[in-house]
Amino acid sequence: MKYLMNTFSTFAILAIFSLYASCTSEPPKEPTDLTQEVIIPKPVSVTASGGAFTLTETTKIYTQSDGEELDQIARHLSNYLSPATGFDLPVESAGSESDDGHILLQLNDSDTELGEEGYELNITEDALTLAAQQPAGLFRGLQTIRQLLPSGIEKDSLQEMSWKIATGTIRDYPMYEYRGAMLDVARHFFQVDDVKRYIDLIAYYKLNHLHLHLSDDQGWRIEIKSWPKLAEYGGSTQVGGEGGGHYTQEEYTDLVQYAQDRFITIVPEIDMPGHTNAALTSYPELNCSGKAAELYTGIEVGFSTLCTDSEVTYQFVDDVIGELATLTPGPYIHIGGDESHATPMEDYIPFVNRAQEIVLKHGKQVFGWDEIANAELVDNAVVQYWAEAENATKAIEQGGKVIMSPATKTYLDMQYDSTTELGLHWAAYIEVDSAYIWEPTKMVAGVDREHILGIEAPLWSETVTNMDEIEYMAFPRLIGIAEIAWTSPVDRQWEDYRTRLGQHAPYLKALEIDYYASDLVDWKSYE
Ligand code: ACM
């Protein structure tokens, strides 16, 4: 009987254990070496001290120094960690912390090396202290905390597991001040909730700008009260003909605020003087012929142009940019300027010159695709290199700053390989390694670190129609681009990144990201 009981209990333990192993996404993590943790983008420095901090149901989040902004960041942390842990994680003012494993968020003016977005995370067995010079740095640091916890932390239901983080210190700050993604909401329109999810996902990888391509031949996506037919009629369709839509000014304002709460700046683009068919359908007076164009649902480029020598065009540009500038707290208005093949260069240059002046008049900084460097750039213009090295050179010769978006590396709508069903391949096939193995300062001779404001990965939506498809094209390539923008080139090696990306798979799964599981990566199993 005793023998039987023993056999039975051994069997039961084994059965329970195997049931447990098959139900959990990962074995319980007992981290003890902080330097072995996977953090993407890779931080500046990590030192380990050999122990573990445990998040428990009594953990509180303390904020040192009053202020709504710090409280809001602390609440973000609480909201990130509560669903899976089931813990309350209340936010309180510092001063009464006990030694029971609390979290402390503090601003430290004197640590200037951290800059606008850097942070220092000190983890002991008793406390997790996140310090930064600026609130944005604290927010970036929260993303690191999320990645240090087991991947179950990203699930939105209660997970029965222990929540430990290895002890030690992380100091971290970005390489480039502009780290962006672009979403083309013109070729296909995406609802506010999809854009918010994209904002959440890019925030997780410490990006800080979302460029919205708000107008193109196929659709006008932002309500302009002084020219209402732009959105009502020009936004009524999309590629393929079904659907379409636009953001009301209230919805756009809500998106801007949602992004701002995550320390992400929205960069709105109205593409001109080409890529304007949607506007040309809405108002006949914008056409040199005086006749309205027809709605367009195909994917050709380069056939439309505003009438550059008509005064009403400049009234239109002024009104549109004026309304957009009022709605946009960020510094930039993007005026497009790409592929204006239907605008002769002798018309294009004076048009871009005037459009830039209008942006300045409304108190904003000019941003445009690399072709705008053919015009006379105004002070502080930002030129987005995507195709022509010569244009990037012209930009810096005029004192402009460059955003690196080489189509052959950063265009997230390019197919991974010839078997990818979505996407296009006019620039290149871009596998996960190709999107990672490039160096911004080596793309254009003479365009060096001091000329480059940052990196942006655009996702054009000719073939991309919904959030799952956005995720499949963006992930995992955007993660690699985020690392190029954040991490010093000396800390970036493909083999090391490939390993970390594979180990990061359970987090992608927990975040329910529909990523492309490239054969180049050994994805850690999560089931
Ligand atoms: C672009 O891809 N036309 C900027």
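Would region 374-507 count as rounded, prolate or oblate if I go by the C-alpha gyration tensor, calling it rounded below 1.5 in a/c and otherwise prolate when a/b exceeds b/c, oblate otherwise? Judged from the Cα gyration tensor, region 374-507 comes out oblate (a/c at least 1.5, b/c at or above a/b). Here's how it looks for A52: its modeled amide H is under 5 Å from those of T167, which are all 5 or more places away or on a different chain. Using a ≥ b ≥ c from the Cα gyration tensor of region 114-193 (square roots of the eigenvalues), is it rounded, prolate or oblate, where a/c under 1.5 gives rounded and otherwise the larger of a/b and b/c decides, a/b for prolate? It is oblate, given that a/c is not under 1.5 and a/b is not larger than b/c. Between the listed residues L230, G454, G51, the Cα displaced farthest toward the positive end of the dipole of the chain, a dipole computed from Cβ unit charges relative to the Cα centre, is found at G51.
Here the Karplus relation 6.51 cos²θ - 1.76 cosθ + 1.60, evaluated at θ = phi - 60°, turns the backbone of region 389-398 into coupling constants of 4, 4, 5, 5, 5, 4, 5, 6, 4, 8 Hz, with x for every Gly and Pro.
Residues whose amide H falls under 5 Å from that of V267, counting only those 5 or more places apart or on a different chain, are L210, H211, L212, with hydrogens built in the peptide plane. Modelled spin labels at E68 and D379, positioned 7 Å past Cα toward Cβ, are 3.3 nm from each other.
Per residue of the chain, the DSSP helices (runs of n ≥ 4 H) give a summed -39500 (n - 2.57) that works out to -10000 deg cm²/dmol at 222 nm. If you take the square roots of the eigenvalues of the alpha-carbon gyration tensor of region 305-403 and sort them as a ≥ b ≥ c, do you get rounded (a/c under 1.5), prolate (a/b over b/c) or oblate? Since a/c reaches 1.5 but b/c is at least a/b, the shape of region 305-403 is classed as oblate. Each residue of region 128-144 was assigned a 3J(HN,Hα) from its phi angle through the Karplus curve 6.51 cos²θ - 1.76 cosθ + 1.60 (θ = phi - 60°); the sequence is 10, 10, 10, 10, 8, 7, 10, x, 4, x, 4, 4, 4, x, 4, 5, 5 Hz, with glycine and proline shown as x. Taking amide H as placed 1.01 Å from N in the peptide plane, H102 has its amide H under 5 Å from the amide H of L128, each at least 5 places away in sequence or on another chain. Among 412-421, 121-130, the peptide with the highest mean count of other Cβ atoms within 10 Å heads the list, and the full ranking is 121-130, 412-421. Principal axis extents of the Cα atoms in the chain, from largest to smallest and rounded to whole angstrom, are 97, 52, 44. Among the listed pairs K206/K524; K225/K401; K361/K442; K229/K394; K206/K509, those with a Cα-Cα distance over 27 Å are K225/K401; K361/K442; K229/K394. Distance between the modelled labels on E346 and D519, one decimal in nanometres: 5.5 nm (7 Å Cα→Cβ projection). Backbone phi angles across region 105-116, fed through the Karplus curve with coefficients 6.51, -1.76 and 1.60 (θ = phi - 60°), yield HN-Hα couplings of 10, 9, 9, 10, 4, 7, 8, 5, 4, 6, x, 5 Hz in residue order; Gly and Pro are listed as x.
Bear in mind these aren't lab numbers, they're just calculated from the coordinates by the rules spelled out. Quick caveat, the model's predicted, so the values are computed rather than measured. Heads up, the Cβs are rebuilt from the backbone with ideal geometry, glycines too, and the neighbour counts pull from every protein chain shown.
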